[in-house]
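A short worksheet on the structure shown next.
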There are 2 protein chains.
Amino acid sequence: METISIVLASRPEGMPGREHFRIEETDLPEPEENQITLRVLFLSLDPYMRGRMSDAKSYAKPVPVGGVMEGEAVCEVLQSRSEWFKSGEIVRAMTGWCTYAVVDAANVRHVDTHGAPTSTALGVLGMPGFTAYGGMKVIGRPKRKETVAVAAASGPVGSLVGQLAMRAGARAVGIAGGKDKCDYVKSELGFDAVVDHRSPTFSSELASACADGIDVYFENVGGYVWDEVLPLLNVYARVPVCGLIAQYNGPGGSASDRLPANMSAILRRSLHLRGFINTEFLETHYHTFQKEIGPLVARGEIKYREDVVEGLENAPEAFIAMLSGGNFGKLLVRVARNG
Amino acid sequence: METISIVLASRPEGMPGREHFRIEETDLPEPEENQITLRVLFLSLDPYMRGRMSDAKSYAKPVPVGGVMEGEAVCEVLQSRSEWFKSGEIVRAMTGWCTYAVVDAANVRHVDTHGAPTSTALGVLGMPGFTAYGGMKVIGRPKRKETVAVAAASGPVGSLVGQLAMRAGARAVGIAGGKDKCDYVKSELGFDAVVDHRSPTFSSELASACADGIDVYFENVGGYVWDEVLPLLNVYARVPVCGLIAQYNGPGGSASDRLPANMSAILRRSLHLRGFINTEFLETHYHTFQKEIGPLVARGEIKYREDVVEGLENAPEAFIAMLSGGNFGKLLVRVARNG
């Protein structure tokens, strides 16, 4: 039996291109004791993967050149040599970008989405959703009447950040790129305000939308949006920093040094900046997240949006487009259909 | 009766000079009901005063041009029209830079230094000491075996930061400018290591002194020291930011933009940067600070150093020198002798 996988052909400098990926066909090994064979249904594509393509020091090891691109997937169990799993069950695992995988059963988890579609286990009820949840519960801690701003507001992290803010009685101000995304954030998700970061008057529009300043800014993009947010942050503002997608492909931006001004703002306004990776909160908050948010998603009280690309071979292009905001909603690759 | 005071003659751009200050003699008004007349004994000179000379937006109002320079002093009560104070008592108050002042009794506090000299109410047992204490208790939270680094380590904030770190079982690494200060930090204060930031090999010396990385960096200088500290910060490092003296006189430094790299470090290592002004913790921690640290200072178990300049007329020069690290210990002006 063969598996098709997408490997890292070479390390990109700046924005990755199609040439940094290569499709390979290899024989799938037979599962050993306590291993299972999985058929990938949905593969998740996420901004963190850009970090794995680089060998800069980070919180996780890079993908080796020639290695299969890392990624989490929702899968069907084809064959099981573990007492924990039966064939036909739906599970999630770090299979990488491939059509089939043999993995250790210890690294596989059953999917329970409380009745919501299984694909949500990679989005609003998976790591992106948990990133929003952990960052808001532990660091952001929005209070009633406060203003919470978030960029990439139509995305899987940002959309939940805003909805959690509103559930806590705070005002949610979304930042998104383009009319369709902004309309969705305002009309579908019900954010109190939305600002298009592509607008030539973005700076003044953001200031108007945040007339009382910003108490929580959930930082998942970095770059020039941060420059406009910084002057609006109130005293004691909290800034959970979970991602900097605008900076992943190189420094870019202005040539003058903005660091001293940034540090001054942290000091003068008693700001609280806190980087985090969601795994930090797994032990303390993951169970509550699933129990609290799962039923809300299943009942439609928390909304989400998926952007599904058909076919593993289209994963590299979709991933590259995502890095420039080309997706609209949680980006997934449908690798196979169930059953 | 006359008072001599030092007023802000004009707003400096960059480093202040003697010309930005002016000495004035004025008549002292008679105290009204609930006011008291004070004779200044010790005036405290502190880096925050540079901020008050500027009209940039900050957490406190600037001193108006022509107004008396702001400052806290330890004073003797000359005349009291308040039931709370008797003449001859030693108090502290925001008199400004002057020899005599009439102030509202509600803004005056008795000095209790648990037997330590009354001047310590402006240093190790005053706002600088409390800045160290509040920042460490609430934000830094050093644990046993961790490494705590602090700049301006011979100063009133830094010296207590390091001593509190060692009392919590952590390693204290001091950064100071010049041999005398470094010797004092190592031999007198007993820090585990000290590094001279004027050394041409400062970067590698700091890395050696912090071989296990830095878990808490108490930021009170900013500028190029921060550039060398940032790469050494461990995952989950806490950075209380209470001052940026190296940046108060203008941006300076390199021309390339270090902000994106700074934000990446915050993200990748889950760093926690937190600006603070000590007043934030007054209600929750000031009483404990006095009760806990006062007796330790009085018994000599917490050490401190004062740098006393004689005569109010010498305050401007002393203040200007302090901004370049010219003082050695808590800078005080002896305005008058007691009795």
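A quick yes/no check of all residues on (1) buried (at least 20 other Cβ atoms within 10 Å of the Cβ); (2) more than 22 Å from the chain's Cα centre (by Cα); (3) free of Cβ contacts under 8 Å to residues at least 12 places away in the same chain; (4) over 20 Å from B:Gln247 (Cβ atoms):
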position	(1), (2), (3), (4)
B:Glu146	yes, yes, no, yes
B:Val150	yes, no, no, no
B:Met166	no, no, no, yes
B:Val221	yes, no, no, no
B:Leu230	yes, yes, no, no
Looking at the stretch B:203-216, is at least one residue touching a residue at least 24 places away in the same chain (Cβ under 8 Å), touching a Phe, Trp or Tyr at 6+ places or on another chain (Cβ under 9 Å) and surrounded by fewer than 19 Cβ atoms within 10 Å (Cβ to Cβ)?
-> no
Exactly one of (1) within 16 Å of the chain's Cα centre (by Cα); (2) closer than 30 Å to A:Leu259 by Cβ; (3) not in a loop (DSSP other than H, G, I, E, B) is unmet by B:Gly325. Its number?
-> (3)
Conditions: (1) over 30 Å from A:Ser264 (Cβ atoms); (2) free of Cβ contacts under 8 Å to residues at least 40 places away in the same chain; (3) of a type in the set (A, V, I, L, M, F, W, C); (4) not in a helix (DSSP H, G or I). A:Leu125 meets all but one. Number of the miss?
-> (2)
Of residues in the stretch B:76-108 being part of a strand (DSSP E or B) and among the small types (Gly, Ala, Ser), the one farthest from B:Tyr48 (Cα to Cα) = B:Ser80
In the stretch B:66-74, is there at least one residue being over 26 Å from B:Gly243 (Cβ atoms) and more than 24 Å from the chain's Cα centre (by Cα)?
-> yes
Out of curiosity, is A:Thr95 in contact with a Pro (Cβ under 9 Å, 6 or more places away or on another chain), over 30 Å from A:Arg238 (Cβ atoms), among the hydroxyl-bearing types (Ser, Thr, Tyr) and crowded, with 20+ Cβ neighbours inside 10 Å?
-> no
Exclusive hit being small (Gly, Ala, Ser), without any contact (Cβ under 8 Å) to a residue 60 or more places away in the chain and closer than 22 Å to B:Val333 by Cβ, set B:Ala101, B:Ala93, B:Ala116 = B:Ala93
Based on what the data block shows, is B:Arg11 touching a residue at least 12 places away in the same chain (Cβ under 8 Å) and outside any loop (DSSP other than H, G, I, E, B)?
-> no
Of the conditions (1) modelled with pLDDT of 95 or more; (2) surrounded by fewer than 18 Cβ atoms within 10 Å (Cβ to Cβ), B:Lys57 clears all except one; give me its number.
-> (1)
Please determine, by comparing only the residues of the stretch A:14-60 that are of a type in the set (Val, Ile, Thr) and in contact (Cβ under 8 Å) with a residue 60 or more places away in the chain, which one is farthest from the other protein chains (Cβ to nearest Cβ).
-> A:Thr37
Failed item in (1) on the phi < 0 side of the Ramachandran plot; (2) outside any helix (DSSP H, G or I); (3) over 17 Å from the mean Cα position of the chain (by Cα), with B:Lys303 passing the rest | (3)
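Mind listing whichever residues of the stretch B:286-304 are within 17 Å of B:Lys181 (Cβ to Cβ) and buried (at least 19 other Cβ atoms within 10 Å of the Cβ)?
Start the filter on the stretch B:286-304 by keeping residues that are within 17 Å of B:Lys181 (Cβ to Cβ), which leaves B:303-304.
Within the stretch B:286-304, just B:Tyr304 meets the criteria.
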Mind counting the residues in the stretch B:1-26 that are more than 14 Å from B:Pro64 (Cα to Cα) and touching a strand residue (DSSP E or B) at 6+ places or on another chain (Cβ under 9 Å)?
-> 9
Check A:Leu267, A:Leu271, A:Leu233 and return the single one that is assigned by TED's automatic domain parsing to the domain that holds A:Cys182, closer than 15 Å to A:Val150 by Cβ, in contact with a strand residue (DSSP E or B) (Cβ under 8 Å, 6 or more places away or on another chain) and not β-branched (Val, Ile, Thr).
-> A:Leu233
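Looking at B:Gly140, B:Gly115, B:Gly135, B:Gly129, which is the one that is touching a Cys at 6+ places or on another chain (Cβ under 8 Å) and more than 27 Å from B:Thr37 (Cβ to Cβ)?
Only one candidate qualifies: B:Gly135.
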Filter the stretch A:273-307 for residues that are in contact (Cβ under 8 Å) with a residue 24 or more places away in the chain and among the small types (Gly, Ala, Ser) and give the result.
-> A:Gly275, A:Gly294, A:Ala298
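For the stretch A:15-23, indicate whether the set of residues that are under 27 Å from A:Pro128 (Cα atoms) and among the β-branched types (Val, Ile, Thr) is non-empty.
Yes, the conditions are met somewhere in the stretch A:15-23.
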Selected residue (criterion: farthest from the other protein chains (Cβ to nearest Cβ)) from residues of the stretch B:258-303 that are over 20 Å from B:Lys137 (Cβ atoms) and hydroxyl-bearing (Ser, Thr, Tyr) | B:Ser264
Can you tell me how many residues in the stretch B:6-15 are at pLDDT 95 or above and either not polar (S, T, N, Q) or not assigned by TED's automatic domain parsing to the domain that holds B:Pro47 (or both)?
-> 5
So is A:Pro316 in contact with a helix residue (DSSP H, G or I) (Cβ under 6 Å, 6 or more places away or on another chain) and either among the β-branched types (Val, Ile, Thr) or modelled with pLDDT of 90 or more (or both) or not?
-> yes
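Looking at the structure I just gave you, is B:Phe328 touching a residue at least 60 places away in the same chain (Cβ under 8 Å) and assigned by TED's automatic domain parsing to the domain that holds B:Arg22? Lay out the reasoning, then the answer.
Numbers: touching a residue at least 60 places away in the same chain (Cβ under 8 Å): yes; assigned by TED's automatic domain parsing to the domain that holds B:Arg22: yes.
Judged against the criteria, B:Phe328 is a match.
The values are calculated or read from the model by the stated rules, or taken from the named source; none is laboratory data. Nothing here was measured: the structure is a model prediction, and the numbers come from that model. Every residue, glycine as well, gets a Cβ built from its backbone with ideal geometry; the counts of neighbours run over all protein chains shown.
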